[in-house]
Each structure stands twice: as structure tokens, then as C-alpha cells.
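Undergrad: One structure, as C-alpha cells, below. Some questions next.
The values are calculated or read from the model by the stated rules, or taken from the named source; none is laboratory data. Just so it is clear, the structure is predicted and the values come from calculations on it, not from any experiment. Cβ atoms come from the backbone with ideal geometry, glycine included; neighbour counts cover every protein chain shown. Please note that ligands, DNA and RNA were not included when accessible areas were found on the heavy atoms of the full protein model with its side chains. Shrake-Rupley method; radii C 1.70, N 1.55, O 1.52, S 1.80 Å.
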Amino acid sequence: MPVVTVLQGPRDVQLKRDLISKITDAFVDAYGIPADTVQVWFNEVPADSWGAAGRLIADTAK
């Protein structure tokens, strides 16, 4: 059973629903497995808890 972890900043629940559907479809198409065997986990990190290019993401949005 595939388990996909998506590490990202917080997103709207509808966007996550759409992404789960597309990720699941991709595994079904690529591996020929049943959709109910695919799990997608979201690990959402607040903008003040990660950074890029030497700066907090929370600071880049300002």
C-alpha cells in the first residue's frame, strides 16, 4: 500500500481534497492498484517554522 507524504505550508481543505484525488489517480494509473490502497498524508508546517534562501517563509510574505 503506497503512502504519500505531502510536506507543505497550510492550504485550504478543498485544495487538499483535489490533490488527494489526483495523487490517488496517478498511483492507480501507474501501478494498476485499487484506489483504496493509496494513502495521502499532509504534514503542514506554519510559515514561521520553515525557511528558504536564508529567511523564514513568514518574513518573505511581508
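Undergrad: Can you send over the carbon and sulfur percentage of the accessible area for the chain, probe radius 1.4 Å, protein chains only? Display every interim value, and only then the final one.
TA: Working: 2610 of 4590 Å².
That fraction is 57 percent.
Undergrad: With every protein chain left in place, what is the accessible area of residue 21 in Å² (1.4 Å probe, nearest 10)?
TA: 60 Å²
Undergrad: Tell me which of 41, 7, 23 sits at the most positive position along the dipole axis of the chain, charges placed on C-beta atoms (Lys, Arg +1; Asp, Glu -1).
TA: After comparing all options, I get 7.
Undergrad: Rounded to the nearest 500, what is the 222 nm mean residue ellipticity of the chain from helices alone, with -39500 (n - 2.57) per DSSP H run of 4+ residues and division by all residues?
TA: After summing the helix terms and dividing by residue count, I get -11500 deg cm²/dmol.
Undergrad: Next up: Over the C-alpha atoms of the chain, what are the Rg and the largest Cα-to-Cα span, Dmax, in Å?
TA: Calculated on Cα positions, Rg and Dmax stand at 14.9, 45 Å.
Undergrad: What figure, in Å² to the nearest 10, do you get for the accessible area of residue 60 with a 1.4 Å probe and non-protein molecules left out?
TA: 70 Å²
Undergrad: Rounded to the nearest whole Å², what accessible area per residue is found for the chain with the 1.4 Å probe? Walk me through the intermediate numbers first.
TA: On the way: 4590 Å² over 62 residues.
Each residue of the chain exposes 74 Å² on average to a 1.4 Å probe.
Undergrad: Where in region 30-61 does the label zone of residue 7 land, with the point 7 angstrom along Cα→C-beta and an amide N cut-off under 12 Å?
TA: Answer for this model: 43-45, 50-51.
Undergrad: Here's another thing I want to ask about it. Using a Gaussian network model on the chain with a 10 Å cutoff between Cα atoms, which of 13, 45, 28 fluctuates the most?
TA: Result: 13 has the largest fluctuation of those listed.
Undergrad: Another question about this same structure. In degrees between 0 and 90, to the nearest 10, how far off the longest principal axis of the chain does helix 13-31 point, with axes built from Cα atoms?
TA: Rounded to the nearest ten degrees, it is 40.
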